[in-house]
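The values are calculated or read from the model by the stated rules, or taken from the named source; none is laboratory data. For clarity, every value in this text was computed on a predicted model and none was experimentally measured. Note that we place each Cβ from the backbone using ideal geometry, even for glycine, and neighbour counts take in every protein chain shown. Remember, those area values only see protein heavy atoms, side chains included, never the ligands or the DNA or RNA. Shrake-Rupley method; radii C 1.70, N 1.55, O 1.52, S 1.80 Å.
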Amino acid sequence: MASSYGYPFEQQHCLSISQFSRPDIETLLTLGNHYLDLDVQKSKERSMLAGKTLVNLFFENSTRTEKSFEIAGRRLGADVINMSVVGSSVKKGETLLDTAATLNAMNPDILVVRHGASGAPALLAQKVSGSVINAGDGVHEHPTQALLDALTLRRHFGEDLGGLRIAICGDIKHSRVARSDIQLLNVLGCDIRLIGPPTLIPADADKWGVDVFHDMETGLEGCDVVMMLRLQMERMSGAFVPSKREYFHFYGLDRSKLGFAKQGAMVMHPGPMNRGVEISSDVADDPKVSLITSQVESGVAMRMGILHALSDARDGVA
Amino acid sequence: MTNLTIEDVRILDPQSGFDDIGNIVIANGQIKALGDVAAKGETIDGRGLVAAPGLIDMRVTTGEPGAESRESIESAALAAAAGGVTTMVVMPDTKPVIDDVSLINYITNKAEQTLINVHVAGALTQSLDGKTMTEIGLMSEAGAVMFSNGAEPVSDSLIMRRLLSYSARFNALIANRPIDSALAANSCAHESDFSSRLGLPGHPPAAERIVIDRDAALAELTGGRLLIDMISSEEGLSAVRRAKSRDIEIACSVSMNHLALNEIDIGDYRTFAKLDPPLREETDRQALISGVNDGTIDVVVSAHNPRPAGQKRLPYTEAASGAVGLELLLSAGLTQVANGELDLMKFLACLTSNPASLLDLPTGRLAEGAPADIVLFDMNMPWVCDSDKLLSKSKNTPFDERRMTGRVVMTLCGGRLVFERLSSS
């Protein structure tokens, strides 16, 4: 069984960052780092998950997360089945627990779940025998994204992220990525700032161990990393934000706003991007400042690490 | 630029509390010195007159764009100057609604062609639909000094919460009418014995209080800057007092009409006294006067709302609401001062220093370095209002043929003479 500081990784599921101790997180990031090496990642042995079944159960549309898990599973030798439930049994009236019972009867070893309702993967985890990985639930958490973000940061800034000043910008209120990132980066000792219009900052976010700002100029001061979040189109037509134009003017990351951050600051985005809404193309596509492609690369390796750790823990491998 | 001095005038400055006879020396559009100072350059004889900061009227509706025959910005500015108003804020409920940066620019361009300071209030919601937030940030940058939903209140509490929350980022002032739309639907009067006898559908002051309580709670929740746009009742005033006893950034306004008139002025279905909010009882009027005198009410507005005779000469329930007020604002107030009801300094504060501080304007005070926006008036001049002589394009006023005490003699804006009353008029 994988371990850090002598603490074995014993987690059966990956539902939320808050379930992991610091040693657990180190174990996961170390494994993720191990799989970053493409020779290791693409090794033909594929023994780790051989004979196991990974089911991608997506109740919401996703491209990159689903494919990332699929590739990670296949590279570890698992049989991967993608179930997109967006338009199938759910529409026929089947409840989440009905779906769980049906799936459980097929004995999958790992269930990767994305669902529109916060807490849905946790509910599934109580009802199925395999491991459940939360691939995004409502506006609650997206723990694997946070782990791959941390892995990306380590690749760029080195192992110790302590004291790194990170601004998370945009629609934090509706972001499960932000909620996971805030918890994980806090554990890793980062100095976290949230920047967004007051309508898109969650109530009492200042109690989350972060500093809240409403304008980019003061918020980005001294930041080493600027993490942009996606703003859903339907949220910027007068309900939370007046318009795309106004949002980009005050919160869209372009060269001039990036200039408020520390010299050499790096930009991240969980994707998919709305170019010209939360981020300008020249910033997103500039390899000197953008870690966005690196995030996608880290995604596969990190998910292999997570699958590895969960599988070991379940098998009780010493 | 040559100097100009107003000599031997009673100087009243609500911001500093200064009230004494002296000179005001003006140069380069600014007040250079005042009080016990030597006269310089040309002089204006101020004996027997009062000099106060030029008035700031935070609620003026015009018909521009879309209905310039009611009132244009230019005609409103002329009426304003005649009423001692040197700064006015025009409301966004025009056709089209001022809900976009380009329309803010349009009004600002028009404003530059007038002799007084004209500012614009941007619409809070697109087309004043009460639902869709406008570009509050961009419009603020383009020069909108406040945001209002015009005559229509924002009735949805969730939308109001988001508006107050979003605008807090820009420190924008949000004005909302305190009326519960559902309670006040189809009403045209105060709900009372009087309106019941007249057979006019009324709404109770509770419709006002409910929204004041709601908006104060939302302002407290969000940290937004709220202006309660025209209260009309004792019950509403009490709600404002309660809210102000907590540490919330709210301000409240009242129209001059509601300080001078009550529901009896509707009399025999006089549609020229049909206002929104409706005139209420005498006890309400007296409470509002005390609200100005004790500082609970921050702002007095003219609620200038020009309506052609055709919209007024209709059965009461069908007639348009509103009255012109720019030219009569000061006289109507001075009449209440002469009656011993209104406190002169507190009343003037509601038209000068208080609005200036809410809108963050440099004017509204008589002090060295302040813009020379000054109104000179005769406190005691008796006269009778003749609506035909109003400069406004529309003549709808409930004060027609009323006896008034006190009148504007001269108005300066930026040191320039923008109105002077010839002795014959």
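Hey, if you put +1 on the Cβ of every Lys and Arg and -1 on every Asp and Glu Cβ in chain A, which of A:MET106, A:VAL177, A:GLY219 ends up farthest toward the positive end of that dipole?
Value: A:MET106.
Return the calculated 222 nm mean residue ellipticity for the protein assembly as shown, to the nearest 500 deg cm²/dmol, obtained by summing -39500 (n - 2.57) across DSSP H runs with n ≥ 4 and dividing by the residue count.
Working: 26 runs with 242 residues, N = 743.
Theoretical 222 nm ellipticity from helices: -9500 deg cm²/dmol.
Take chain A, connect every pair of alpha-carbon atoms lying under 10 Å apart with a spring to form a Gaussian network, then pick out the residue of A:ALA301, A:ALA135, A:ALA50 with the largest mean-square fluctuation.
So, out of A:ALA301, A:ALA135, A:ALA50, the one fluctuating most is A:ALA50.
Considering only A:GLU141, A:GLU66, A:GLU217, give the residue with the highest GNM mean-square fluctuation for chain A, with springs between Cα atoms whenever their separation is below 10 Å.
Answer for the Gaussian network model of chain A: A:GLU217.
Select from the range A:225-257 all residues whose loss of accessible area on going from the chain by itself to the full protein assembly reaches 30 Å² or more (probe 1.4 Å).
Residues shielded by partner chains are A:GLY238, A:ALA239, A:PHE240, A:PRO242, A:ARG245, A:GLU246, A:HIS249, A:PHE250.
Amide H of A:SER290 versus every other amide H placed in the peptide plane: which residues, excluding those fewer than 5 positions away on the same chain, fall under 5 Å?
A:VAL267
Determine Rg/Rh for the range B:286-425; Rg is computed over alpha-carbon atoms and Rh is the Kirkwood hydrodynamic estimate from the same atoms. Write out the running numbers ahead of the final one.
Working: Rg = 16.2 Å, Rh = 16.5 Å.
In the range B:286-425, Rg relative to Rh is 0.98.
Please name which of A:ILE25, A:ILE195, A:MET233 has its Cα lying farthest along the dipole of chain A towards the positive end, using unit charges on Cβ (Lys, Arg +1; Asp, Glu -1) and the Cα centre as origin.
Farthest towards the positive end: A:MET233.
In a GNM of chain A with a 10 Å cut-off on Cα contacts, which of A:ASP215, A:ASP137, A:ASP181 has the highest mean-square fluctuation?
In the Gaussian network model the winner is A:ASP215.
About its Cα centre, how strong a charge dipole does chain A have in debye, to the nearest 20, once Lys and Arg get +1 and Asp and Glu get -1 at the Cβ?
Dipole about the Cα centre, nearest 20: 640 debye.
Residues of the range B:159-176 losing 20 Å² or more of accessible surface, assembly versus chain alone, probe 1.4 Å, please list them.
Checking the loss per residue gives B:ARG162, B:SER165, B:TYR166, B:ARG169, B:PHE170.
What accessible area per residue comes out for the protein assembly as shown, rounded to a whole number of Å², with a 1.4 Å probe? All intermediate terms of the calculation are to be shown ahead of the outcome.
On the way: 28370 Å² over 743 residues.
About 38 Å² of surface per residue is accessible.
Please give the average number of partner chain Cβ atoms lying within 10 Å of the Cβ of each residue in A:188-195, rounded to a whole number. Can you show the working numbers first?
Numbers: counts 0, 0, 0, 0, 0, 0, 0, 0.
Taking all residues of A:188-195 together, the mean is 0.
Using the C-alpha atoms of the range B:348-396, what convex hull volume per residue, in cubic angstrom, is computed?
For the range B:348-396, the hull spanned by Cα atoms encloses 141 Å³ per residue.
Taking every pair of alpha-carbon atoms in chain A, what share in percent sits in each 10 Å bin, from 0 to the bin with the longest distance?
Histogram of Cα-Cα distances, whole percents per bin: 6, 27, 34, 23, 9, 1.
In debye to the nearest 20, how big a dipole does the range B:54-359 give about its Cα centre with +1 on each Lys and Arg Cβ and -1 on each Asp and Glu Cβ?
Dipole about the Cα centre, nearest 20: 160 debye.
Rounded to whole Å and ordered largest first, report the semi-axes of the equivalent ellipsoid of the range B:237-299 derived from its Cα gyration tensor (root of 5λ).
Ellipsoid semi-axes (Å, largest first): 26, 11, 9.
Over 43 Å, how big is the tail of the calculated P(r) for the protein assembly as shown, in percent of all Cα pairs?
43
Relative to the compact-globule scaling 2.2 N^0.38 Å, provide the ratio for the alpha-carbon radius of gyration of the range B:54-359. Each step should come with its number before you reach the end.
Values: Rg = 17.8 Å, N = 306, 2.2 N^0.38 = 19.4 Å.
Ratio of Cα Rg to 2.2 N^0.38 Å: 0.92.
So what is the relative contact order of chain B, in percent, for Cα pairs below 8 Å that sit 6 or more residues apart?
Working: 1080 pairs, mean separation 81.1, N = 425.
Result for chain B is 19 percent.
Taking a 19 Å limit on the Cα-Cα distance, which of the listed pairs B:LYS95/B:LYS274; A:LYS244/B:LYS131; B:LYS32/B:LYS110 fall beyond it? Let's see the in-between values first.
Working: B:LYS95/B:LYS274 23 Å; A:LYS244/B:LYS131 17 Å; B:LYS32/B:LYS110 29 Å.
Going by Cα-Cα distance, B:LYS95/B:LYS274; B:LYS32/B:LYS110 fall outside the 19 Å limit.
Counting only other chains, and only Cβ atoms inside 10 Å, what mean value do you get across the residues of B:122-131?
1
Can you list residues whose amide H is under 5 Å from B:THR132's amide H, if they're 5+ apart or on another chain and H is modeled 1.01 Å from N?
B:GLN126
If you roll a 1.4 angstrom probe over the protein chains with everything in place, what fraction of the accessible area of the protein assembly as shown belongs to carbon and sulfur, to the nearest %?
After summing per-atom areas, the C and S share lands at 48 percent.
So how much accessible surface do A and B hide from each other in total, probe 1.4 Å, in square angstrom to the nearest 100?
Answer for the A-B pair: about 1500 Å² buried.
Which is farthest toward the positive dipole end of the protein assembly as shown among A:ASN82, B:GLY340, B:GLY267, measuring Cα position about the Cα centre, with Cβ charges +1 (Lys, Arg) and -1 (Asp, Glu)?
Selected residue: A:ASN82.
Hey, got the dipole for the range B:32-119? About the Cα centre, +1 on K and R Cβ, -1 on D and E Cβ, debye to the nearest 20?
Value, rounded to 20: 240 debye.
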